[in-house]
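What follows is a set of notes on a single structure, which appears directly below.
Where a number appears in this text, it was derived from the coordinates with a stated rule and is not lab data. Remember, predicted model here, so these are calculated numbers, not experimental data. Cβ coordinates were reconstructed from backbone atoms using ideal geometry, including for glycine residues, and neighbour counts include every protein chain displayed.
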Amino acid sequence: MPVHNDEIATAFDEIADLLSLSGENQFRIRAYRRAAQTVRALPEELAARIAAGFDPDRLPGIGADLAGKIREFVASGHCKSLEALRRSVPRGLREMLALPDIGPQRARALYEALGIHSLADLKESLDHHRIRRVPHFGTRLEERLRKSLEALGERSHRVSWNVADGYAQGLRRFLAAIPGVAQVEVAGSYRRGRETVGDLDLVVAAPAGVDVDRALRSYDEVAAVLASGRTRSSVVLRSGLQVDVRVVPPASFGAALYYFTGSKAHNIRLRTIAVAKGLKVNEYGVYRGRNRIAGETEESVLGAVGLPYIAPELREDRGEFDAASARHLPDLVTREQLTGDLHAHTRATDGNASLEEMVDAARRAGLRYLAITDHSKYLGAVHGLDATGLSRQIDQIDELNARVRGIRVLKGIEVDVLEDGSLALPDPALARLDLVVGAVHSQFALSRRKQTDRLLRALDRPYLSVLAHPTARLIDQRAPIDCDWSQVFRRAEERPCLLELNAQPDRLDLDDVLAREAAASGVLISIASDAHRIEDFAFLDGGVRQARRAWLSASAIANTRPLGEVRRLLRRTFLK
DNA sequence: GCCGTTTTCGGCCCGACTGTTTTCAGTCG
């Protein structure tokens, strides 16, 4: 039974929690948390790499001890020290950490004073007002915990970037309109372009005396105030989304924006680098001794520690500091560099606009070519195109191309990759098309071996030009298929075949980690809207965000090139 | 537990808010 990276990471997180409940050294705890993060973000399964001779202690933050635990876990599926910890820490105590305001110290104190070792125990003690008798606990904390416990069930999980964007823009406008406010930016994981956002972080530049906190509390979507201060406030909106606002003087805006954009791991690393140079970085600026030497802009903060600007999408502690000091940061792709879109649908299948409407919308979105790739007919498909329907659409596209200006329409199809890796339409039916987009729409649960073979065989089909949404995941709904991606990337590079970064907000597939790995293997990426409505070309922004998180520059993206070159790329795949 | 152009031992990012306390610990981001 192969052990997945996420299981190793989850075990390390549990060890960290249990160590914290044992009152262990915080730096030892941090080592486990950092190792969990490192392992979770790896593009390839560690078990497979170890089997191939890789030594995990070469990973950053993983030394001899943790490497040994990884080996033990991979070999046996168990970790003895985790099991020992589970025996030594009262069962159930860990779930207390899920509650805001309860950390390891308070969880421990409640256990020792009242024997509380579960959320159910806590509720009972709260109901009987026993908590307030524990040293360092009081009536206010009791009330806070009561509210937190009630809210725990309905606590919102992370929302998609697009949903967060709706709330963020309203808040930004509201805060910017406060008299005296000089500047407002949305920071946090939103600014780093993560596919989901847990809470909103906003940074406000305002001179002393501007009461941003009071204004925020009057925002009509605020349901509860968690913290309220002169420079920092936290509220919860009616939707359940938490909002943290940080207010700084204008001269510190860059430093505060940097600090609040994160990620936490990135900030810790930046501050560590600064310390080595005799500097201190905080949210007010960069300091040498008591002298502030930077802070008005983010560029000044990085410049003060001797580094070039690092784009927010790269700030995940995934090698950006090494790249920055070597002056090898990628020139990240922008939306303006996209020249066209290689995946879109019309009313002929499951889209809701006509061919002409989709093409017009694409042209207005600044695209110079658009591939129409409606679904093929296949077993169980609704409204797939049959040979007659496809032939009719081809004629319509020829007719439209003769008529419209400013955009070229490519003839394509989205065809199913069947369980055996064959395509749902025979080669002769595909030969007339400009491109063939293959996609997995069924049999998601095949074994790693079968799924890998399936995709490798699909990549061997002569007419396949693009593998769409390769992992078939739906964020928070459907797990990615299990597959040896390094093999798939190698084959796609040899063919060559484009791999898609599908920009639908619930797909974003390939994700940032795999897209970076694919590009490193020499595969060209197609950022595609998969538009079903005329509004959907806006999804391309999200695709570009994900591509930037994957460190991709325009040269790694097929559809940043002129149509002639894209045609050559697509045609080359037909010749092999 | 990790790590090293100061170090193989002794460090490990930094500050705001809250509540329970009279000077600070805990939690969080």
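General observations
- Couplings for segment A:445-460, taken from phi via the Karplus curve 6.51 cos²θ - 1.76 cosθ + 1.60 with θ = phi - 60°, read 9, 4, 5, 3, 5, 5, 5, 5, 4, 4, 6, 4, 5, 4, 5, 7 Hz in order; Gly and Pro are left as x.
- Gyration tensor verdict on segment A:240-326 (Cα atoms; rounded if a/c is under 1.5, prolate if a/b is larger than b/c, oblate otherwise): oblate
- Spatial separation of Cα centroids for segment A:352-430 and segment A:163-200, in angstrom: 38 Å
- Taking other Cβ atoms within 10 Å as a rough exposure proxy, A:ILE8, A:ILE413, A:ILE62 sort from fewest to most as A:ILE62, A:ILE8, A:ILE413.
- Going from the fewest other Cβ atoms within 10 Å to the most, the residues A:ARG144, A:ARG173, A:ARG192 appear in the order A:ARG173, A:ARG144, A:ARG192.
- Computed from backbone phi, the HN-Hα couplings of segment A:11-26 come to 5, 5, 4, 5, 4, 4, 4, 5, 5, 5, 5, 8, x, 6, 3, 4 Hz, rounded to whole numbers (Karplus: 6.51 cos²θ - 1.76 cosθ + 1.60, θ = phi - 60°; Gly and Pro given as x).
- Antiparallel bridges, percent of DSSP beta bridges restricted to segment A:268-391 (to nearest 5): 65 percent
- By the count of other C-beta atoms within 10 Å, a proxy for reagent exposure, A:VAL203, A:VAL222, A:VAL248, A:VAL181 are ordered fewest to most as A:VAL222, A:VAL181, A:VAL248, A:VAL203.
- Computed from phi, the 3J(HN,Hα) profile of segment A:228-244 under the Karplus parametrisation 6.51, -1.76, 1.60 (θ = phi - 60°) reads 8, x, 5, 10, 8, 9, 10, 9, 10, 7, 4, 5, x, 6, 8, 10, 10 Hz, with x in place of Gly and Pro.
- Bridge type composition, chain A - antiparallel percent by DSSP, nearest 5: 45 percent
- Spin-label pair A:ALA208/A:ARG30, simplified geometry with 7 Å Cα→Cβ offset, distance in nm: 3.1 nm
- Sequence-distant residues sharing a close amide H with A:GLN183 (under 5 Å, placed H): A:ALA205
- Backbone amide hydrogens, once placed in the peptide plane, bring A:ALA224 within less than 5 Å of A:VAL236, excluding anything fewer than 5 places away on its chain.
- Pairs of lysine residues in chain A - Cα separation under 17 Å, sequence separation of 8 or more or cross-chain: 4
- Near the amide H of A:ILE527, within less than 5 Å, lie the amide hydrogens of A:LEU501, A:ALA558, A:ASN559, all on another chain or at least 5 residues away, with H placed in the peptide plane.
- Global geometry of segment A:97-141, whether rounded, prolate or oblate, following the gyration tensor of its Cα atoms and the 1.5 cut on a/c: rounded
- The packing ranking, built from the mean of other Cβ atoms within 10 Å per residue, places the peptides A:475-481, A:162-168 in the order A:162-168, A:475-481, highest first.
- Where only DSSP H runs of four or more residues are counted, chain A gives -12500 deg cm²/dmol as its mean residue ellipticity at 222 nm, each run worth -39500 (n - 2.57).
- Three-way shape label, segment A:330-409, alpha-carbon gyration tensor, a/c 1.5: oblate
- For chain A, the longest principal axis of the alpha carbon atoms and the long axis of helix A:104-114 meet at an angle near 50°.
- Summing charges over all other residues whose Cβ lies under 13 Å from the Cβ of A:HIS136, with Lys and Arg as +1 and Asp and Glu as -1, gives +2.
- Toward the positive end of the charge dipole of segment A:5-154, with +1 on the Cβ of Lys and Arg and -1 on the Cβ of Asp and Glu, the farthest Cα among A:HIS136, A:PRO104, A:ILE29 is that of A:HIS136.
- Simple spin-label estimate for A:VAL163 and A:LYS280 gives 4.1 nm between the two label positions (7 Å along the Cα-to-Cβ direction from each Cα).
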